[in-house]
Amino acid sequence: MTRVNRTGDRPVTTVDAHAHAWSPHTARARFRDGLAGPTAGVAAGHTQANLIAVPADWAYDMLLFCQRNPKPCPVLDVTDAGSPTTVLAEGADLRTDLPRYRVWRDGELVDEPTDARAYWRDDLVSFLLGCSFTFEWALARAGVPIRHVEQGRNVPMYVTSRACREAGRLRGPMVVSMRPVPPEHLGAAIRESSLLPAVHGGPVHCGDPAALGIEDLSRPDFGDPVTVADGDIPVFWACGVTPQAAVMASRPPFAITHAPGQMFLTDARDEQYRLVGVD
(Lines give C-alpha, C1' and ligand atoms only; values in the text may rest on other atoms or scores of the structure.)
Protein backbone atom coordinates (compact mmCIF):
# COMPACT_ATOMS: atom_id res chain seq x y z
CA MET A 1 0.00 0.00 0.00
CA THR A 2 1.23 3.47 -0.88
CA ARG A 3 2.36 5.52 2.08
CA VAL A 4 0.10 8.50 2.73
CA ASN A 5 1.44 12.04 2.81
CA ARG A 6 0.53 12.83 6.40
CA THR A 7 0.56 16.39 7.66
CA GLY A 8 -0.57 15.42 11.14
CA ASP A 9 1.71 12.50 12.02
CA ARG A 10 4.92 14.37 12.81
CA PRO A 11 6.88 14.01 16.05
CA VAL A 12 4.82 15.59 18.79
CA THR A 13 4.69 16.13 22.49
CA THR A 14 1.62 15.46 24.58
CA VAL A 15 -1.16 17.97 23.94
CA ASP A 16 -0.86 19.40 27.46
CA ALA A 17 1.18 18.56 30.54
CA HIS A 18 -2.02 18.23 32.58
CA ALA A 19 -4.12 16.45 29.95
CA HIS A 20 -4.21 13.22 31.96
CA ALA A 21 -6.30 15.00 34.60
CA TRP A 22 -8.81 16.53 32.21
CA SER A 23 -12.39 15.35 32.14
CA PRO A 24 -13.58 14.08 28.74
CA HIS A 25 -15.81 17.18 28.53
CA THR A 26 -12.78 19.44 29.03
CA ALA A 27 -10.75 17.49 26.48
CA ARG A 28 -13.49 17.75 23.86
CA ALA A 29 -13.88 21.48 24.53
CA ARG A 30 -10.15 22.03 24.09
CA PHE A 31 -10.17 20.10 20.81
CA ARG A 32 -13.26 22.00 19.66
CA ASP A 33 -11.28 25.19 20.23
CA GLY A 34 -8.55 23.98 17.89
CA LEU A 35 -6.06 22.07 20.05
CA ALA A 36 -4.66 19.14 18.09
CA GLY A 37 -2.33 16.27 18.87
CA PRO A 38 -2.26 12.61 19.91
CA THR A 39 -4.63 11.71 22.73
CA ALA A 40 -2.53 9.02 24.43
CA GLY A 41 -2.57 9.93 28.11
CA VAL A 42 -5.56 12.29 27.88
CA ALA A 43 -8.49 12.06 30.36
CA ALA A 44 -7.13 9.16 32.37
CA GLY A 45 -9.56 6.30 32.89
CA HIS A 46 -11.94 7.23 30.08
CA THR A 47 -12.54 5.24 26.93
CA GLN A 48 -11.18 6.58 23.64
CA ALA A 49 -12.66 5.77 20.24
CA ASN A 50 -11.73 5.69 16.58
CA LEU A 51 -14.11 7.37 14.13
CA ILE A 52 -15.13 6.52 10.59
CA ALA A 53 -18.16 8.09 8.91
CA VAL A 54 -19.36 6.78 5.54
CA PRO A 55 -22.36 7.48 3.31
CA ALA A 56 -25.49 5.55 4.29
CA ASP A 57 -25.31 3.37 1.19
CA TRP A 58 -21.90 2.12 2.42
CA ALA A 59 -22.93 1.77 6.07
CA TYR A 60 -24.03 -1.87 5.85
CA ASP A 61 -20.75 -2.82 4.21
CA MET A 62 -18.88 -1.04 7.02
CA LEU A 63 -20.98 -2.68 9.72
CA LEU A 64 -20.39 -6.09 8.14
CA PHE A 65 -16.67 -5.34 7.81
CA CYS A 66 -16.53 -4.57 11.54
CA GLN A 67 -18.56 -7.65 12.43
CA ARG A 68 -16.24 -9.86 10.39
CA ASN A 69 -13.09 -8.19 11.73
CA PRO A 70 -13.86 -7.52 15.40
CA LYS A 71 -10.25 -7.48 16.56
CA PRO A 72 -9.27 -4.30 14.67
CA CYS A 73 -12.84 -2.93 14.46
CA PRO A 74 -14.69 -3.41 17.78
CA VAL A 75 -17.89 -1.36 17.50
CA LEU A 76 -18.85 0.82 20.47
CA ASP A 77 -21.60 2.85 18.78
CA VAL A 78 -23.20 3.49 15.39
CA THR A 79 -25.10 6.74 14.78
CA ASP A 80 -28.21 7.50 12.80
CA ALA A 81 -27.55 8.91 9.33
CA GLY A 82 -26.51 12.55 9.52
CA SER A 83 -26.36 12.65 13.30
CA PRO A 84 -23.20 14.15 14.84
CA THR A 85 -24.09 12.88 18.32
CA THR A 86 -23.37 9.66 20.21
CA VAL A 87 -24.69 8.03 23.36
CA LEU A 88 -21.06 7.67 24.47
CA ALA A 89 -20.65 11.39 25.22
CA GLU A 90 -23.46 13.70 26.30
CA GLY A 91 -23.46 17.00 24.40
CA ALA A 92 -20.52 16.04 22.16
CA ASP A 93 -20.33 16.84 18.47
CA LEU A 94 -18.51 14.34 16.26
CA ARG A 95 -17.88 17.08 13.69
CA THR A 96 -15.80 19.29 15.99
CA ASP A 97 -14.72 17.41 19.13
CA LEU A 98 -11.78 15.38 17.82
CA PRO A 99 -8.31 16.93 17.61
CA ARG A 100 -7.94 16.31 13.87
CA TYR A 101 -9.89 14.61 11.09
CA ARG A 102 -9.12 13.08 7.74
CA VAL A 103 -11.34 13.61 4.70
CA TRP A 104 -11.26 11.00 1.92
CA ARG A 105 -12.61 11.11 -1.64
CA ASP A 106 -12.42 7.98 -3.79
CA GLY A 107 -9.85 6.54 -1.41
CA GLU A 108 -7.57 9.58 -1.55
CA LEU A 109 -6.77 11.80 1.43
CA VAL A 110 -7.84 15.34 0.53
CA ASP A 111 -7.74 17.26 3.83
CA GLU A 112 -6.87 16.99 7.52
CA PRO A 113 -8.98 19.65 9.22
CA THR A 114 -9.47 20.23 12.94
CA ASP A 115 -13.18 20.92 12.25
CA ALA A 116 -15.17 18.66 9.91
CA ARG A 117 -18.38 20.70 9.69
CA ALA A 118 -17.59 21.99 6.21
CA TYR A 119 -17.45 18.40 4.95
CA TRP A 120 -20.31 16.89 6.94
CA ARG A 121 -23.21 15.36 5.01
CA ASP A 122 -26.74 14.45 6.02
CA ASP A 123 -26.25 10.86 4.84
CA LEU A 124 -23.14 10.08 6.92
CA VAL A 125 -23.33 7.16 9.35
CA SER A 126 -20.61 7.29 12.01
CA PHE A 127 -18.94 4.27 13.57
CA LEU A 128 -17.09 4.63 16.87
CA LEU A 129 -14.61 1.82 17.40
CA GLY A 130 -12.64 0.84 20.48
CA CYS A 131 -9.09 2.23 20.77
CA SER A 132 -6.04 0.68 22.39
CA PHE A 133 -5.18 3.98 24.14
CA THR A 134 -7.95 2.93 26.52
CA PHE A 135 -6.06 -0.07 27.91
CA GLU A 136 -2.80 1.83 28.33
CA TRP A 137 -3.94 2.92 31.79
CA ALA A 138 -4.36 -0.73 32.76
CA LEU A 139 -0.89 -1.48 31.41
CA ALA A 140 0.61 1.43 33.34
CA ARG A 141 -1.10 0.34 36.57
CA ALA A 142 0.45 -3.10 36.06
CA GLY A 143 3.90 -1.54 35.71
CA VAL A 144 4.22 -1.88 31.93
CA PRO A 145 6.17 1.08 30.47
CA ILE A 146 4.40 2.91 27.65
CA ARG A 147 7.34 3.95 25.47
CA HIS A 148 5.55 6.33 23.11
CA VAL A 149 4.07 8.24 26.06
CA GLU A 150 7.49 8.34 27.76
CA GLN A 151 8.99 9.72 24.55
CA GLY A 152 6.16 12.20 23.86
CA ARG A 153 5.30 10.66 20.51
CA ASN A 154 2.32 9.24 18.69
CA VAL A 155 2.04 5.45 18.82
CA PRO A 156 3.59 3.79 15.74
CA MET A 157 1.13 1.99 13.46
CA TYR A 158 1.88 -0.37 10.58
CA VAL A 159 0.01 -1.83 7.64
CA THR A 160 0.47 -5.61 7.82
CA SER A 161 0.43 -8.45 5.31
CA ARG A 162 -2.65 -9.92 7.04
CA ALA A 163 -5.77 -9.36 4.96
CA CYS A 164 -9.01 -8.57 6.73
CA ARG A 165 -12.06 -10.61 5.86
CA GLU A 166 -13.85 -8.85 3.01
CA ALA A 167 -17.35 -7.45 3.46
CA GLY A 168 -19.35 -6.33 0.46
CA ARG A 169 -17.30 -3.65 -1.28
CA LEU A 170 -14.81 -3.27 1.58
CA ARG A 171 -11.47 -5.02 1.76
CA GLY A 172 -8.00 -4.21 3.00
CA PRO A 173 -5.13 -5.19 5.29
CA MET A 174 -5.13 -5.16 9.07
CA VAL A 175 -3.27 -2.27 10.68
CA VAL A 176 -1.51 -2.77 14.01
CA SER A 177 -0.11 -0.51 16.70
CA MET A 178 3.20 -1.43 18.32
CA ARG A 179 4.39 -0.98 21.88
CA PRO A 180 7.84 -2.21 22.94
CA VAL A 181 7.52 -4.22 26.15
CA PRO A 182 10.31 -5.48 28.43
CA PRO A 183 10.21 -9.29 28.71
CA GLU A 184 9.42 -9.21 32.43
CA HIS A 185 6.26 -7.19 31.69
CA LEU A 186 5.05 -9.15 28.68
CA GLY A 187 2.68 -11.36 30.68
CA ALA A 188 1.06 -8.34 32.33
CA ALA A 189 0.69 -6.55 28.97
CA ILE A 190 -1.07 -9.56 27.45
CA ARG A 191 -3.25 -10.18 30.51
CA GLU A 192 -4.37 -6.59 31.06
CA SER A 193 -5.17 -5.84 27.42
CA SER A 194 -6.97 -9.18 27.00
CA LEU A 195 -9.41 -8.14 29.72
CA LEU A 196 -10.58 -5.27 27.47
CA PRO A 197 -11.76 -6.96 24.25
CA ALA A 198 -13.97 -3.96 23.34
CA VAL A 199 -10.82 -1.89 22.79
CA HIS A 200 -8.92 -4.49 20.70
CA GLY A 201 -8.08 -6.89 23.53
CA GLY A 202 -4.86 -8.88 23.61
CA PRO A 203 -2.02 -8.66 21.08
CA VAL A 204 -2.19 -10.23 17.66
CA HIS A 205 1.58 -10.87 17.62
CA CYS A 206 4.65 -10.59 19.83
CA GLY A 207 8.18 -10.58 18.47
CA ASP A 208 9.54 -10.58 14.92
CA PRO A 209 7.81 -7.84 12.88
CA ALA A 210 8.52 -9.78 9.68
CA ALA A 211 5.80 -12.25 10.67
CA LEU A 212 3.33 -9.44 9.97
CA GLY A 213 5.10 -8.29 6.84
CA ILE A 214 6.62 -5.28 8.60
CA GLU A 215 10.09 -4.60 7.21
CA ASP A 216 11.29 -1.67 9.31
CA LEU A 217 9.98 -0.62 12.75
CA SER A 218 11.61 2.78 12.29
CA ARG A 219 9.25 3.54 9.38
CA PRO A 220 5.67 3.29 10.62
CA ASP A 221 2.89 3.86 8.11
CA PHE A 222 1.06 6.07 10.62
CA GLY A 223 2.18 7.76 13.82
CA ASP A 224 5.81 8.19 14.87
CA PRO A 225 8.79 5.88 15.26
CA VAL A 226 9.48 4.96 18.87
CA THR A 227 12.88 4.08 20.29
CA VAL A 228 12.96 0.45 21.42
CA ALA A 229 15.05 -0.14 24.54
CA ASP A 230 17.56 -3.00 24.64
CA GLY A 231 15.74 -6.24 25.32
CA ASP A 232 12.27 -4.86 24.59
CA ILE A 233 9.93 -7.15 22.66
CA PRO A 234 7.81 -5.52 19.93
CA VAL A 235 4.18 -6.24 20.79
CA PHE A 236 1.48 -5.63 18.18
CA TRP A 237 -2.20 -4.93 18.76
CA ALA A 238 -4.93 -4.73 16.13
CA CYS A 239 -5.61 -1.07 15.38
CA GLY A 240 -8.68 1.03 14.61
CA VAL A 241 -6.87 2.68 11.69
CA THR A 242 -7.71 -0.52 9.80
CA PRO A 243 -10.88 1.05 8.31
CA GLN A 244 -8.71 3.80 6.85
CA ALA A 245 -6.61 1.15 5.12
CA ALA A 246 -9.88 -0.30 3.83
CA VAL A 247 -10.88 3.13 2.51
CA MET A 248 -7.57 3.37 0.64
CA ALA A 249 -7.95 -0.15 -0.76
CA SER A 250 -11.69 -0.05 -1.55
CA ARG A 251 -12.06 3.60 -2.58
CA PRO A 252 -15.54 4.54 -1.40
CA PRO A 253 -16.64 7.89 -2.82
CA PHE A 254 -16.40 9.69 0.52
CA ALA A 255 -15.42 9.14 4.16
CA ILE A 256 -14.39 11.10 7.23
CA THR A 257 -12.10 9.54 9.84
CA HIS A 258 -10.04 10.60 12.82
CA ALA A 259 -6.38 11.35 12.21
CA PRO A 260 -4.35 8.37 13.47
CA GLY A 261 -3.68 8.68 17.19
CA GLN A 262 -6.04 11.66 17.59
CA MET A 263 -9.10 10.06 19.08
CA PHE A 264 -12.59 10.86 20.33
CA LEU A 265 -12.81 11.07 24.13
CA THR A 266 -15.99 9.43 25.43
CA ASP A 267 -17.63 9.78 28.83
CA ALA A 268 -17.45 6.01 29.34
CA ARG A 269 -15.09 4.70 31.98
CA ASP A 270 -12.56 2.03 31.08
CA GLU A 271 -14.05 -0.27 33.73
CA GLN A 272 -17.30 -0.44 31.75
CA TYR A 273 -15.53 -2.51 29.09
CA ARG A 274 -13.32 -4.59 31.37
CA LEU A 275 -14.21 -8.26 31.78
CA VAL A 276 -15.06 -9.14 35.37
CA GLY A 277 -14.62 -12.39 37.23
CA VAL A 278 -11.48 -13.25 35.25
CA ASP A 279 -8.09 -13.69 36.87
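How big is the Cα convex hull of segment 119-214 in projection, averaged over all directions, in nm²?
Result: a mean projected hull area of 8.3 nm².
How much length is gained if the chain between D16 and L64 is pulled fully straight, taking 0.36 nm per residue apart and subtracting their Cα-Cα distance, in nm to one decimal?
Working: separation 48, 0.36 × 48 = 17.28 nm, distance 3.75 nm.
Gain on stretching D16 to L64: 13.5 nm.
Of all the Cα-Cα pairs you can form in segment 53-154, what percent are over 23 Å apart? Don't skip to the answer; put the middle values down first.
Values: 1989 of 5151 pairs.
The share of Cα pairs beyond 23 Å in segment 53-154 comes to 39 percent.
Taking the Cα centre as origin and putting +1 on Lys and Arg beta-carbons and -1 on Asp and Glu beta-carbons, what dipole magnitude results for segment 47-144, to the nearest 20 debye?
400
Could you derive backbone 3J(HN,Hα) for segment 133-146 from the dihedral phi with the Karplus parameters 6.51, -1.76 and 1.60 (θ = phi - 60°), listing whole Hz in sequence and x where the residue is Gly or Pro?
4, 4, 7, 5, 5, 5, 4, 4, 4, 8, x, 7, x, 10
Under 8 Å for C-alpha pairs, at least 6 residues apart: give me the relative contact order for segment 80-196, rounded to a whole percent.
Details: 129 pairs, mean separation 23.0, N = 117.
Reported as a whole number, the value is 20 percent.
Be a star and scan segment 65-104 for residues whose amide nitrogen sits under 15 Å from the point 7 Å along the Cα-to-Cβ vector of R121.
Under cut-off, by backbone N: 81-83, 103-104.
Hey, can you rank 129-137, 150-158, 117-125 by average C-beta count inside 10 Å, highest first?
So the peptides 129-137, 150-158, 117-125, ranked by packing, come out 129-137, 150-158, 117-125.
Does a label point 7 Å from the Cα of R169, set along Cα-to-beta-carbon, have any residues of segment 86-108 with amide nitrogen under 13 Å, and which are they?
105-107
Report, in debye and to the nearest 20, how large the dipole of segment 101-220 comes out about its Cα centre when Lys and Arg carry +1 and Asp and Glu carry -1 on their Cβ.
220
Considering only A229, G172, A59, whose Cα is most displaced toward the positive end of the charge dipole of the chain, charges sitting on Cβ of Lys, Arg (+1) and Asp, Glu (-1)?
Of the listed residues, the answer is G172.
When N counts the residues of segment 168-279, how does its alpha-carbon radius of gyration compare numerically with 2.2 N^0.38 Å, as a ratio?
Values: Rg = 15.7 Å, N = 112, 2.2 N^0.38 = 13.2 Å.
So segment 168-279 has a normalised radius of gyration of 1.19.
When only Cα pairs under 8 Å and 6 or more residues apart are kept, what is the percent relative contact order across segment 164-259? Present the calculation step by step, with values, prior to reporting the outcome.
On the way: 116 pairs, mean separation 42.0, N = 96.
Averaging sequence separation for qualifying contacts and normalising by length gives 44 percent for segment 164-259.
With an 8 Å cut-off on Cα pairs and a minimum separation of 6 or more residues, tell me the relative contact order of the chain in percent.
Taking the mean separation of contacting Cα pairs over the length of the chain, I get 30 percent.
Taking 7 Å along the Cα-to-C-beta vector as the label spot, tell me the E150-T26 distance in nanometres, rounded to one decimal.
2.7
So in the chain, which Cys have no other cysteine's beta-carbon sitting under 4.7 angstrom from theirs?
Lacking a cysteine Cβ partner under 4.7 Å: C131, C164, C206, C239.
I'd like the carbon and sulfur percentage of the solvent accessible area for the chain, probe radius 1.4 Å, heavy atoms only, ligands and nucleic acids excluded.
The value for the chain is 49 percent carbon and sulfur by accessible area.
Students often get this wrong, so try it: which of (i) 32, 22, 18; (ii) 26, 21, 18; (iii) 37, 28, 19 is semi-axes √(5λ) of the Cα gyration tensor in Å as calculated from the structure shown?
Checked against the structure: label (ii).
What is the dipole size for segment 169-279, taken about its Cα centre, with +1 at each Lys and Arg Cβ and -1 at each Asp and Glu Cβ, in debye to the nearest 20?
Computed charge dipole of segment 169-279: roughly 640 debye.
Please give the contour-minus-distance gain from E215 to D57: 0.36 nm per residue of separation, less the Cα-Cα distance, rounded to one decimal in nm.
Going from the current span to full extension adds 53.2 nm.
The values are calculated or read from the model by the stated rules, or taken from the named source; none is laboratory data. What you see is a predicted model, and the numbers here were worked out from it, not measured in a lab. Note that we place each Cβ from the backbone using ideal geometry, even for glycine, and neighbour counts take in every protein chain shown. Please note that ligands, DNA and RNA were not included when accessible areas were found on the heavy atoms of the full protein model with its side chains. Shrake-Rupley method; radii C 1.70, N 1.55, O 1.52, S 1.80 Å.
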